[in-house]
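Take a look at the structure below.
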Amino acid sequence: MSLTTCTIHVTQRQERAVYLSGDLAKALKLSKTRTVTLKLGSKSVSLSLKLLKKSGNHLYLTPTVYTQLKLPRNGTTMVTTSSGRDIRLGPLIGILTNVVKSTTSPFGSRTEFIREFMRAGSDKAFYFGFSPSDVNWTQETVSAIVPRSEGGWVRKVLPLPDVVYNRLPSRRAEKLASMNAFKQRFIRRGIPLFNWSFFDKWDVYHLLEGTDAFRYVPESKINPNSTQVKEMLEKHKFIYLKPTAGSLGIGIYRLTYNPKRGYYARFRKGSRNVLLRFSRFESLIAHVNRHSNNMQGYVIQQGIRLIEIDSCPIDFRFHMTKNSSNQWVVAAIGAKKAGKGSVTTHVRTGGMLMTPEQVLRQIFGSRADTVLTNAKESAIKLAEDIETKHRHTLGELGFDIGIDQNERIWMFEANSKPGRSIFKHPALKEQGKASLQYIYDYCLYLSRFRSRRES
């Protein structure tokens with residue numbers, strides 16, 4: 001396989017050919033080839049190959065061929081050949097998401113994130129955003145939304161991509177059989193699609209059961225009955241009750257048992273943190289059942305005594321990505337300090353974002369680096385074991401990880417489409433950019449735009 005970058009130009013020559021500079025033909029080992037198949041995404045055109053006495057890596061297309069291939073733009077891109085008979089331009093990276101009618105923010109609140117992702121490798125790849133309704137399977141094209149070089153966005157009809165990065169935002173839509181069938185159509189055409197769907201909380205428990213990494217998961221039960229809740233409370237003294245399909249900490253209860261003082265329920269109501277005391281277990285469970293559909297669609301999870309600052313628990317968001325070698329890496333870590341009286345560490349409920357170094361030095365002193373290394377190794381092990389058991393391709397994971405007062409690592413939640421709120425912290429902005437670079441590199445790996453030496 002030969003791989004390099006080149007600059008694409010449009011030439012007014014009339015011949016049905018692709019013109020390569022001598023340097024580019026040499027780099028691609030095509031100096032003696034006379035006909036080639038030129039490919040972009042799902043489109044391919046057979047052409048005669050003409051060499052030009054020109055230095056540098058340049059490729060020239062006639063206006064007809066440029067239109068046939070449905071190139072989004074000219075300029076620089078990667079180019080590869082594997083058989084000496086084909087030339088692939090790209091990669092063509094499609095971001096699957098919701099599209100709204102707006103010329104300035106076509107992806108709604110996700111527009112800025114998608115624009116930022118498209119900047120990674122923008123001089124070596126073609127990017128577009130699209131929704132499920134934008135795909136024409138018969139013609140193998142997409143009515144794509146492409147960034148303009150001068151700013152803004154434009155619709156263009158492009159080929160099916162080399163790889164799909166799934167950022168569909170709706171849990172409900174992704175559960176539909178029609179959406180599953182839509183994504184399967186890419187797989188059947190040999191187009192990799194990663195981040196298949198959202199995880200429910202119980203999915204992760206099932207995926208890790210029986211693996212080495214299961215030791216990091218607190219004891220949990222799905223759709224619990226009152227007897228199980230009482231047993232867990234007596235065993236652990238406090239537990240969490242979470243909706244299986246929840247996010248952002250919404251609908252979570254912290255239930256506590258104090259043998260001398262009774263039972264407590266802490267939860268969020270509107271913009272307030274609420275604490276209720278019950279003298280009897282029956283009163284507590286009656287309240288919980290009333291507000292949680294009798295705990296159907298809920299998980300109870302063992303409470304862990306986490307490390308604290310100012311008597312406020314701390315947990316960590318680990319943002320994991322794959323890299324160009326198909327390895328899991330810790331792209332970023334944000335520490336989250338719970339707000340006073342809050343059930344969770346979410347910033348919207350009064351939590352505070354900090355760097356892990358800030359937190360761990362304050363708590364563990366000279367052991368901080370050792371504790372952080374241990375947590376990173378645990379997170380990579382968790383990602384590897386989830387991936388081994390998961391049926392679909394993963395490129396990104398978010399873990400909510402806790403460290404208890406004995407330095408033991410715990411994983412409370414895994415997200416297959418992690419949010420990016422931790423990157424709002426000034427100290428984590430560069431890690432935010434690095435995480436997008438890793439995802440771009442993983443797109444190169446999946447679309448086979450890596451040389452053997454690098455893969």
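The values are calculated or read from the model by the stated rules, or taken from the named source; none is laboratory data. Nothing here was measured: the structure is a model prediction, and the numbers come from that model. Cβ coordinates were reconstructed from backbone atoms using ideal geometry, including for glycine residues, and neighbour counts include every protein chain displayed.
Scanning the range 33-43 for residues that are within 24 Å of Leu158 (Cα to Cα) and crowded, with 16+ Cβ neighbours inside 10 Å yields Val36, Leu38, Lys39, Leu40, Gly41, Ser42, Lys43. Figure legend. Inter-residue proximity from the range 212-229: first residues surrounded by 16 or more Cβ atoms within 10 Å (Cβ to Cβ), second residues assigned to a loop (DSSP other than H, G, I, E, B) and not hydrophobic (A, V, I, L, M, F, W, C), beta-carbon distance below 9 Å, spacing 6+ or different chains. Indicated pairs: Tyr216/Arg408; Val217/Glu209; Pro218/Gly303; Ile222/Thr244; Ile222/Gly297.
Would you be able to say whether some residue in the range 291-302 is crowded, with 21+ Cβ neighbours inside 10 Å and at positive phi? Yes, because at least one residue in the range 291-302 is crowded, with 21+ Cβ neighbours inside 10 Å and at positive phi. Restricting attention to the range 39-50, report how many residues are in contact with a Leu (Cβ under 6 Å, 6 or more places away or on another chain) and either of a type in the set (Val, Ile, Thr) or over 15 Å from Leu160 (Cα atoms) (or both). Of the residues in that region, 2 qualify. If we keep just the residues of the range 81-105 that are more than 16 Å from Tyr440 (Cβ to Cβ) and of a type in the set (Val, Ile, Thr), which is surrounded by the fewest Cβ atoms within 10 Å (Cβ to Cβ)? Among those that are more than 16 Å from Tyr440 (Cβ to Cβ) and of a type in the set (Val, Ile, Thr), it is Thr104.
Within the range 163-173, can one find any residue that is within 18 Å of Gly395 (Cβ to Cβ), out of contact with any Ser or Thr (no Cβ under 8 Å at 6 or more places or on another chain) and crowded, with 19+ Cβ neighbours inside 10 Å? Looking through the range 163-173, at least one residue is within 18 Å of Gly395 (Cβ to Cβ), out of contact with any Ser or Thr (no Cβ under 8 Å at 6 or more places or on another chain) and crowded, with 19+ Cβ neighbours inside 10 Å.
Looking at Thr80, Thr103, Thr62, Thr67, which is the one that is of a type in the set (Val, Ile, Thr) and within 24 Å of Ile439 (Cβ to Cβ)? Lay out the reasoning, then the answer.
Values: Thr103 fails: within 24 Å of Ile439 (Cβ to Cβ); Thr62 fails: within 24 Å of Ile439 (Cβ to Cβ); Thr67 fails: within 24 Å of Ile439 (Cβ to Cβ).
Going through Thr80, Thr103, Thr62, Thr67 in turn, just one is of a type in the set (Val, Ile, Thr) and within 24 Å of Ile439 (Cβ to Cβ): Thr80.
Scanning the range 410-417 turns up no residue that is farther than 13 Å from Asp203 by Cβ, out of contact with any helix residue (DSSP H, G or I) (no Cβ under 7 Å at 6 or more places or on another chain) and among the small types (Gly, Ala, Ser). Those strands (runs of 3 or more DSSP E) of the range 226-279 in which 1 or more residues are farther than 20 Å from Gly351 by Cβ, among the polar types (S, T, N, Q) and at pLDDT 90 or above occupy 253-258.
Of all residues in the range 137-152, which are in contact (Cβ under 8 Å) with a residue 12 or more places away in the chain, surrounded by fewer than 22 Cβ atoms within 10 Å (Cβ to Cβ) and in contact with a strand residue (DSSP E or B) (Cβ under 9 Å, 6 or more places away or on another chain)? Scanning the range 137-152 gives Glu140, Thr141, Ser143, Val146, Pro147, Ser149.
Could you tell me which residue of the range 145-168 is modelled with the highest pLDDT, considering only residues that are part of a loop (DSSP other than H, G, I, E, B) and more than 18 Å from Pro132 (Cβ to Cβ)?
At the first step, the residues of the range 145-168 found to be part of a loop (DSSP other than H, G, I, E, B) are 148-152, 160-162, 167-168.
If we keep only those that are more than 18 Å from Pro132 (Cβ to Cβ) too, we end up with 148-152, 162.
On the way: Arg148: 91, Ser149: 85, Glu150: 86, Gly151: 87, Gly152: 92, Asp162: 98.
This residue is Asp162.
Counting only helices (runs of 4 or more DSSP H) wholly contained in the range 20-119, the ones carrying 2 or more residues that are over 27 Å from the mean Cα position of the chain (by Cα) occupy 22-27, 63-69.
The single condition from (1) in the same structural domain as Pro161 (by TED's automatic domain parsing); (2) within 23 Å of Arg34 (Cβ to Cβ) that Thr97 fails is (2).
For the range 338-360, the set of residues classified as in a helix (DSSP H, G or I) and either under 22 Å from Glu413 (Cβ atoms) or modelled with pLDDT of 95 or more (or both) consists of Val347, Arg348, Thr349, Pro356, Val359, Leu360, listed by residue number.
This table checks each residue for (1) among the β-branched types (Val, Ile, Thr); (2) crowded, with 16+ Cβ neighbours inside 10 Å; (3) out of contact with any strand residue (DSSP E or B) (no Cβ under 8 Å at 6 or more places or on another chain); (4) not in a helix (DSSP H, G or I).
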position: Gln362; (1), (2), (3), (4): no, no, no, no
position: Ser366; (1), (2), (3), (4): no, no, yes, no
position: Thr370; (1), (2), (3), (4): yes, no, yes, no
position: Ala375; (1), (2), (3), (4): no, yes, no, no
position: Ala379; (1), (2), (3), (4): no, yes, no, no
position: Glu387; (1), (2), (3), (4): no, yes, no, no
position: Glu407; (1), (2), (3), (4): no, no, yes, yes
position: Phe412; (1), (2), (3), (4): no, yes, no, yes
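Checking each residue in the range 20-32 for being hydroxyl-bearing (Ser, Thr, Tyr) and either crowded, with 19+ Cβ neighbours inside 10 Å or modelled with pLDDT of 95 or more (or both) picks out only Ser21. With respect to Val154, determine if the residue is under 21 Å from the mean Cα position of the chain (by Cα) and within 30 Å of Asp123 (Cα to Cα). The answer is no for Val154.
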